[in-house]
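Report on the structure given below.
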Amino acid sequence: MVVRWLPAVLIAWLCCACGGAKRGLADGRYRSEGKPVQVQLVEDTIHLMDAGGGIRTLPMMSREAMPAVVLVRPSMDVDVLTAPLKYRLATGNARPRLETQLGGLIYFGRRMDRYRLTWPDLGFASRARKEAHIGLSMGLFVGLGGVQVAPWTTGNRLEEDYTGVAASAGCALIGAVGSTTLGAAIGWDHLLNDQHRVWIYEGRPWLGLVFGVNLN
């Protein structure tokens, strides 16, 4: 029973201990129209400073029409992920199968965030700034997960049927909207007990769906 819930406990602990997710535009270096800019937020006003020292102000409210502004920021990405769905390819006499065991993964990658600022008309000669954000990341992950160990996953070499713990590693391509991440992964599992010698999925690739929370 403890083994079955270990991955879920790991996810919960990491989420509580490392809670600072990306939640919108923040101070820092970006690129706008292919040029580097420094972004500074003062209350609800955004200031853009270019390499020449020029400053552009983007207010929250405006009476005049304003062109859309796109800001792009590359960064390192650290996420807590889980892979709720794993598709295991056919091996030997075993057919392809879909698994739904929980797993806790730590992901490290390279991320690109894109922020698009617009000022839609609210009527009465008033416009309010609107921010749309999307991110894309590619990287590697490691972690622990539950796997099914049973006669049909060991070539009938075992009579036991239980949920084992496996170390997982692989790569993923994930998209982000706000602080939520969702993507696709390819990974490999190593069963963390002596029965890995007869487990038919030992070291074999799987395809999966991953989602989670950004930590930085």
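Once you place label points 7 Å from the Cα toward the Cβ at ARG31 and TYR162, how far apart are they in nm?
Label at ARG31, label at TYR162, 5.3 nm between them.
For the range 154-216 and the range 90-125, compute the distance between their C-alpha centroids and round to whole Å.
Each part reduced to its Cα centre gives a spacing of 17 Å.
For the range 51-123, what log10 I(q)/I(0) values come out of the Debye formula at q = 0.19, 0.27 1/Å, with one point per alpha carbon and no solvent?
Treating every Cα as an identical point scatterer, log10 I(q)/I(0) equals -0.95, -1.20.
On a 0 to 90 degree scale, rounded to 10, what angle separates helix 2-17 from the longest Cα axis of the chain?
Computed tilt is about 20 degrees.
About its Cα centre, how strong a charge dipole does the range 125-216 have in debye, to the nearest 20, once Lys and Arg get +1 and Asp and Glu get -1 at the Cβ?
On the way: 6 positive and 7 negative charges, 142 e Å.
It comes to approximately 680 debye.
Please give the contour-minus-distance gain from VAL142 to GLU43: 0.36 nm per residue of separation, less the Cα-Cα distance, rounded to one decimal in nm.
Values: separation 99, 0.36 × 99 = 35.64 nm, distance 3.91 nm.
Stretched out fully, the VAL142 to GLU43 stretch lengthens by 31.7 nm.
Which residue fluctuates the most in the chain, going by a Gaussian network model with Cα springs under 10 Å, if the choices are ARG114, ARG56, ARG31?
Residue with maximal mean-square fluctuation among ARG114, ARG56, ARG31: ARG56.
List the chymotrypsin sites (Phe, Trp or Tyr not before Pro) in the range 66-142 that DSSP assigns to loop (not H, G, I, E or B) and whose Cβ has at most 14 other Cβ atoms within 10 Å. Which are they? List each step's numbers first, then the result.
Numbers: sites: TYR87, TYR107, PHE108, TYR115, PHE124, PHE141; in loops: PHE124.
For chymotrypsin sites (Phe, Trp or Tyr not before Pro) across the range 66-142 that sit outside H, G, I, E and B with at most 14 neighbouring Cβ atoms in 10 Å, the list reads PHE124.
As a test of the definition: which semi-axes, in Å, follow for the range 70-181 when you take the square root of five times each eigenvalue of its alpha carbon gyration tensor? Largest first, please. Display every interim value, and only then the final one.
On the way: eigenvalues 389, 44, 25 Å².
Working from the Cα gyration tensor, I get semi-axes of 44, 15, 11 Å.
Under 19 Å from a point placed 7 Å out from the Cα of ASP121 along the Cα-to-Cβ direction: which residues of the range 36-62 have their backbone N that close?
Backbone N within reach: 61-62.
With θ taken as phi - 60° and the coefficients 6.51, -1.76 and 1.60, list the Karplus ³J(HN,Hα) couplings across the range 66-72 in order, rounded to whole Hz; mark glycine and proline as x.
10, x, 5, 10, 10, 10, 10
Which trypsin sites (Lys or Arg not before Pro) in the range 117-216 sit in a loop by DSSP (not H, G, I, E or B) and have at most 14 other Cβ atoms within 10 Å of their own Cβ?
Details: sites: ARG127, ARG129, LYS130, ARG157, ARG197; in loops: ARG129, ARG157.
Sparse-neighbourhood loop trypsin sites (Lys or Arg not before Pro): ARG157.
Quick check: residue separation of THR180 and LEU209 times 0.36 nm, minus the Cα distance between them. What number comes out in nm?
Length gained, THR180 through LEU209: 9.1 nm.
Which cross-chain or sequence-distant (5 or more) residues have an amide H under 5 Å from the amide H of LEU25, H modelled 1.01 Å from N in plane?
When sequence neighbours closer than 5 places are left aside, there are no close amide H contacts.
In angstroms, what radius of gyration and Dmax does the chain have, counting Cα atoms only?
Computed over the Cα atoms of the chain, radius of gyration and Dmax are 23.1, 76 Å.
Read the figures in this text as sums done on the coordinates, not as results from a lab. Since this is a predicted model, take the numbers as computed values, not measurements. Note that each Cβ is placed from the backbone with ideal geometry, even for glycine, and that neighbours are counted across all protein chains shown.
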